[in-house]
Amino acid sequence: MIRFDQVSYKYSPHQKDVIKNLNIELEDGSFHFLCGASGAGKTTIFRMMYMDLLPTDGNLSIFGRQVNALSRDEIAIFRRKMGVVFQDGGLLNHLNVRENVSLPLTLHGKPSSQQEKCIDEIIDWVGLSDKKNEYPATLSGGEKQRVGIAKAVVNRPKLLIADEPSGNVDEVMAKRIMYLFTELNKHGTTVLVATHDKSLISAFDYPSLYLENGIITRSAKRWRAA
Amino acid sequence: MFARHAHSAKKAISLHKDSIFRLLILILSLLGWLCASFIASITMLENAYNSWNLEQKSHISIYLDADENRGKVVNLVEELSSVNNVKRAYLLSEYETADILKPYFSEGVSFPLPFVIDVTVTSQLDREYFNTKVNKYFANASIDDARDLLVKVSSIVRFSQWIILFISGVLLIIVAIIVSLTVSAGLRGKQISLKTMQHIGAQDKFLINLITTQVMQQSLIGWFISSILAGVTLYALLNYWSGLNLYMTNYVWAIIVIVPFLLSIVAVISAKLTAKRMIKSML
Ligand SMILES: Nc1ncnc2c1ncn2[C@@H]1O[C@H](COP(=O)(O)OP(=O)(O)OP(=O)(O)O)[C@@H](O)[C@H]1O
Ligand SMILES: [Mg+2]
């Protein structure tokens, strides 16, 4: 599904590599945590995965295709198969909660009544059914993040990448979100979750990738706080 | 296909509530109004000049001394009437003659009046033949030939027409620049929304169309407003100076519609180009 092959990335030519010779392979239907200190490069890896950044060196293939060889339209079509939870929510401030969540379904026209139902269900699931018509400016950080999660999963993506989805929410909500991801994973979605939260990692039996100084230093079936 | 898309994604990249795009309507309306009124007025001046020109070319006045024999004068008038390409030869009455001369004499016209023959001709008239004919009767007749004057006036008019054409061109270019700067400033403010749409898989064409159609709608409003304003302005002018009616051709009305339309087209094209450039620069 996703293959990083000796991938390096630097933001500007005179800067040193933020990501250095990275090798990761995420199989179809797998579930991984991506751990690493702040500034380790997790968001950078995610941005390469949704093709917001292209590797400055090495090969990255997504859905079996080299990203450097994709046309702009192909990139757009690939993105429709992906759900991305942005660290800052990635919401549009002039759209209300429901409109933000339904946005990915509007590219193909007006959502069907079945999709409308699905939108309401997912908003319920993240606990925001009473804030459907609120605008992001009036939401708390955690609420925004939950809207972002609902938006990322609403079109049942083949690949879900979540950048700190539990960063601003309490433990109960964090677990709830993880169950949602688990549920999607059971239906075939490949999941990668970046997190600092060690208790969350230990509560779920999924392998973790540990990122340090731009290099994956540990890839264990199960990562536990020492 | 596109209309279906627009319904739901439109709000994400909605330009209608954006103050810069409201400004665009205002700019299009005002500049469209100014340009249309300016160019329409110029066209009316051109019409006025053309009709004056035509009148001058088709008239010859012959002045004869007051002490000439009236019968001989009448004979000349009759003979001139039968010359090829002369439509009409007419001896002015004393009143008409006095009327013509009045502007040149402040204390009324009291001396014996000269004879004035007004001849209406077509452009094919053989002037040589015409002049010898007149001189055969009255060797010292003064034949008022407007050609010299016309040549002089027309070269001045041509020159001012070039200047006006130049100013109109510069005006249109400035307007086009203002419109396209407005559009690109507005779109720059939409960058986050555009990026968000791209991240959920919106294709370039989809976003460009979304922007272009909205600018098109706003340009239509601007076109409508400026044409109406220019129409009202011209209508008011016509009511105030009814003499202008002579020079008010359908062509002038067409200009009022076409000039603001051109500006709207400029707005739409520059929106499309700017949107294209901006969207393609974002991954
Ligand atoms: N746009 C940018 N331009 C230049 N450098 C950047 C840019 N974005 C990130 N960096 C640098 O790249 C490194 C990795 O950043 P990244 O955002 O990927 O870290 P992260 O692991 O997501 O951190 P966090 O856990 O705090 O979100 C950091 O040192 C950061 O300063
Ligand atoms: Mg980050």
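The values are calculated or read from the model by the stated rules, or taken from the named source; none is laboratory data. Owing to the predicted nature of the structure, the values given are computational and were not obtained by experimental measurement. Cβ: placed from backbone, ideal geometry, glycine included. Neighbour counts: every protein chain shown. To get the accessible areas, we keep the full protein, side chains included, count just its heavy atoms, and leave off ligands, DNA and RNA. Shrake-Rupley method; radii C 1.70, N 1.55, O 1.52, S 1.80 Å.
Dipole size of chain B about its Cα centre, with +1 on Lys/Arg Cβ and -1 on Asp/Glu Cβ: approximately 2900 debye, rounded to the nearest 20.
Note on B:Ile177: accessible area is roughly 90 Å² with a 1.4 Å probe, heavy atoms of protein only. Per-residue mean of foreign Cβ neighbours for A:88-97 is 3 (Cβ atoms of other chains, 10 Å radius). When the chymotrypsin sites (Phe, Trp or Tyr not before Pro) in the range B:200-275 are filtered for DSSP coil states and for at most 11 other beta-carbon atoms within 10 Å of their beta-carbon, the remaining sites are B:Trp241.
Hey, what's the protein assembly as shown come to in accessible area per residue, 1.4 Å probe, Å²?
51
Distance from the C-alpha centroid of the range B:31-66 to that of the range B:137-200: 20 Å, rounded to the whole angstrom. The DSSP beta bridges internal to the range A:2-220 are antiparallel in roughly 50% of cases.
Every helix of 4 or more DSSP H residues in chain B counts as -39500 (n - 2.57), and over all residues that averages to -24500 deg cm²/dmol at 222 nm.
Estimated at the nearest 10 Å², the accessible area of A:Ser129 is 60 Å² with a 1.4 Å probe.
Taking 15 Å as the straight-line reach from the Cα of B:Lys195, the aspartates and glutamates in range (excluding those fewer than 8 positions away in the same chain) are A:Asp52, A:Asp73, A:Asp88, B:Asp204. Here the dipole of the range A:171-221 is about 80 debye; that uses its Cα centre as origin and unit charges on the Cβ of Lys and Arg (positive) and Asp and Glu (negative).
Ranking A:His187, A:Ser112, A:Gly141 by how far each Cα lies toward the positive end of the dipole of chain A (charges on Cβ) leaves A:His187 at the top. Note on B:Lys87: aspartates and glutamates with a C-alpha under 15 Å away, same-chain residues under 8 apart excluded, are B:Glu55, B:Glu78, B:Glu79, B:Asp118, B:Asp126.
Only helical runs count toward this figure. For chain A, summing -39,500 (n - 2.57) over DSSP H runs of n ≥ 4 and dividing by all residues gives -9500 deg cm²/dmol at 222 nm.
Our coupling estimate for the range B:262-272, obtained by passing each phi through the Karplus curve with A = 6.51, B = -1.76, C = 1.60 and θ = phi - 60°, is 4, 4, 4, 4, 4, 4, 5, 5, 5, 4, 5 Hz, Gly and Pro reported as x.
Less than 5 angstrom separates the built amide H of A:Leu34 from those of A:Val193, A:Ala194, A:Thr195, A:Leu209, all sequence-distant by 5 or more or on a different chain. Since only A:Phe78, A:Leu60, A:Gly89 are under comparison, the one whose Cα sits farthest along the positive direction of the charge dipole of the range A:47-91, derived from C-beta charges on Lys, Arg, Asp and Glu, is A:Phe78. Summarising the amide proton neighbourhood of B:Asp126: residues at separation of 5 or more, or on other chains, whose placed amide H is nearer than 5 Å comprise an empty set. Under the classification rounded if a/c is under 1.5, otherwise prolate if a/b is larger than b/c and oblate if not, where does the protein assembly as shown fall, given a ≥ b ≥ c as square roots of the Cα gyration tensor eigenvalues? The shape class here is prolate. Rounded, prolate or oblate: which fits the range A:2-220 when a ≥ b ≥ c are the square roots of the eigenvalues of the alpha-carbon gyration tensor, with rounded for a/c under 1.5 and prolate only if a/b beats b/c? Since a/c reaches 1.5 and a/b is larger than b/c, the shape of the range A:2-220 is classed as prolate. Computed packing ranks the peptides A:191-199, A:12-20 as A:191-199, A:12-20, most packed first, by mean other Cβ atoms within 10 Å.
Within 10 Å of each candidate Cβ there may be at most 16 other Cβ atoms; applying that plus a DSSP loop requirement, which trypsin sites (Lys or Arg not before Pro) in the range B:8-101 survive?
Counting only loop positions with at most 16 other Cβ atoms within 10 Å, the trypsin sites (Lys or Arg not before Pro) in the range B:8-101 are B:Lys10, B:Lys17.
Between the residues B:Thr120, B:Ala254, B:Leu24, the greatest Cα displacement towards the positive end of the dipole of chain B, with unit charges on the Cβ of Lys, Arg, Asp and Glu, is found for B:Leu24. Computed over protein heavy atoms with a 1.4 Å probe, the carbon and sulfur contribution to the accessible area of chain B reaches 64%. Taking amide H as placed 1.01 Å from N in the peptide plane, the amide H of A:Gly58 sits under 5 Å from that of A:Ser8, each at least 5 places away or on another chain. Would you list which aspartates and glutamates come within 18 Å of A:Lys110, measuring only between C-alpha atoms, while excluding same-chain residues fewer than 8 positions from it? Filter leaves A:Glu99, A:Asp120, A:Glu121.
Pairs spanning more than 24 Å between alpha-carbon atoms, out of B:Lys11/B:Lys205; A:Lys42/B:Lys11; A:Lys131/A:Lys198; A:Lys132/A:Lys186: A:Lys42/B:Lys11; A:Lys131/A:Lys198; A:Lys132/A:Lys186. Mean partner shielding of peptide B:203-210, defined as the number of other chain Cβ atoms within 10 Å of each residue Cβ, is 2. Only protein heavy atoms count here; on that basis, with a 1.4 Å probe, A:Ser112 has an accessible area of about 50 Å².
Only helices at least 15 Å long along their own axis, judged from Cα atoms, and with Kyte-Doolittle mean hydropathy of -0.5 or greater: name those in chain A from DSSP H. Within chain A the helices that satisfy the rule are A:141-153, A:171-186.
Do any chymotrypsin sites (Phe, Trp or Tyr not before Pro) in the range A:124-226 lie in a loop, going by DSSP, with at most 12 other beta-carbon atoms within 10 Å of their beta carbon, and if so which? Filter output for the range A:124-226: empty list. Magnitude of the charge dipole for the range A:117-199, about its Cα centre and with charges confined to Cβ atoms of Lys, Arg (+1) and Asp, Glu (-1), is about 300 debye.
Each residue of the range A:25-41 was assigned a 3J(HN,Hα) from its phi angle through the Karplus curve 6.51 cos²θ - 1.76 cosθ + 1.60 (θ = phi - 60°); the sequence is 10, 10, 6, 3, x, 7, 9, 10, 9, 10, 10, x, 5, 4, x, 6, x Hz, with glycine and proline shown as x. When all protein chains stay in place and ligands, DNA and RNA are ignored, the 1.4 Å accessible-area order of B:Thr274, B:Thr249, largest first, is B:Thr249, B:Thr274.
For the range A:82-97, 3J(HN,Hα) computed residue by residue from phi via the Karplus equation (6.51, -1.76, 1.60; θ = phi - 60°) reads 10, x, 10, 9, 7, 4, 9, x, x, 9, 9, 5, 8, 10, 7, 4 Hz, glycine and proline entered as x.
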